[in-house]
Amino acid sequence: MSTPITVQYKINAPAEKVWKALTDKNEMKSWYFDIQDFVLESGAEFNFYEPGGANKYHHHGEVLEIIPDQKLKHTWSYPDFSELKTIVTWELQPEDGQTLVKLTHDDIENFKDLGDGFSRENFKEGWKTILGQSLKEYVEK
C-alpha cells in the first residue's frame, strides 16, 4: 500500500486565477517549470527539465484528468532513469475568495531505488516550496 505525499496551502486568490497559473504554459514558466509542449487536454504528453539549464532530469508527464478550475491530474516520470510513473493531482477548492490548493503525489515509492535525489523527503520539500512559496507568491501578487 502506497502512502501519497500530500501538501496543501490556502492561497489568497480565486480558483480561476490559480487554475490559469497552473494550466497556462506562459504563466507556468513564471513560477513552476518552463513546459513548452504543455497542452491542457486529456492524453496530451509533456516534457521538461529542471530550471538552470543543466538538463540533468528529463521529466515526462501525461494529462489524465481535467475538471476546469477544480482538478488537474497527470503522470510524473523520469524516463531516463525508470519506466515507472507516479501520479500528481492538483485540486482547487474555493473558500471565501481564497483557494485551498491540495497537491497529492501518489506512488512515490516507484522512485525509491533511483537515489537520494528521488527521495520521498526531497519530493515533499520540493512540493512545499512550489506550492507554499512559488505558486502562492505568484498568484497573490
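The values are calculated or read from the model by the stated rules, or taken from the named source; none is laboratory data. Because the structure is a prediction, the values reported are computed rather than measured. Glycine gets a Cβ as well: all are built from the backbone with ideal geometry, and neighbour counts include every protein chain shown.
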>> When you check L72 against the structure, is it farther than 27 Å from A15 by Cβ, in contact with an Asp or Glu (Cβ under 8 Å, 6 or more places away or on another chain) and at pLDDT 95 or above, yes or no?
In response: no
> Here are K128, K71, K136: which of them is crowded, with 18+ Cβ neighbours inside 10 Å, touching a strand residue (DSSP E or B) at 6+ places or on another chain (Cβ under 8 Å) and at negative phi?
Replying inline: K136
>> Given (1) aliphatic (A, V, I, L, M); (2) at pLDDT 95 or above; (3) within 22 Å of K29 (Cβ to Cβ), identify the lone condition not met by A54.
In response: (2)
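Residue under question is A13, and the condition is that it be of a type in the set (A, V, I, L, M, F, W, C), in contact with a helix residue (DSSP H, G or I) (Cβ under 7 Å, 6 or more places away or on another chain), at pLDDT 95 or above and in a helix (DSSP H, G or I); does it hold? Don't jump to the end; show me each part of the working.
Numbers: of a type in the set (A, V, I, L, M, F, W, C): yes; in contact with a helix residue (DSSP H, G or I) (Cβ under 7 Å, 6 or more places away or on another chain): yes; at pLDDT 95 or above: yes; in a helix (DSSP H, G or I): no.
The answer is no for A13.
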> Within the set of pairs 6+ apart or on separate chains, which have a first residue in segment 64-76 that is under 19 Å from K17 (Cα atoms), a second that is among the aromatic types (F, W, Y) and surrounded by 15 or more Cβ atoms within 10 Å (Cβ to Cβ), and C-beta atoms under 7 Å apart?
Replying inline: P68/W19; D69/W19; K71/W90; L72/W90
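Consider Q98 carefully, then state whether it is among the polar types (S, T, N, Q), in contact with a helix residue (DSSP H, G or I) (Cβ under 8 Å, 6 or more places away or on another chain), modelled with pLDDT of 95 or more and surrounded by 13 or more Cβ atoms within 10 Å (Cβ to Cβ).
Values: among the polar types (S, T, N, Q): yes; in contact with a helix residue (DSSP H, G or I) (Cβ under 8 Å, 6 or more places away or on another chain): no; modelled with pLDDT of 95 or more: yes; surrounded by 13 or more Cβ atoms within 10 Å (Cβ to Cβ): yes.
So Q98 fails the test.
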>> One residue is enough: does segment 108-127 have a residue meeting the conditions touching a residue at least 24 places away in the same chain (Cβ under 8 Å) and among the β-branched types (V, I, T)?
In response: yes
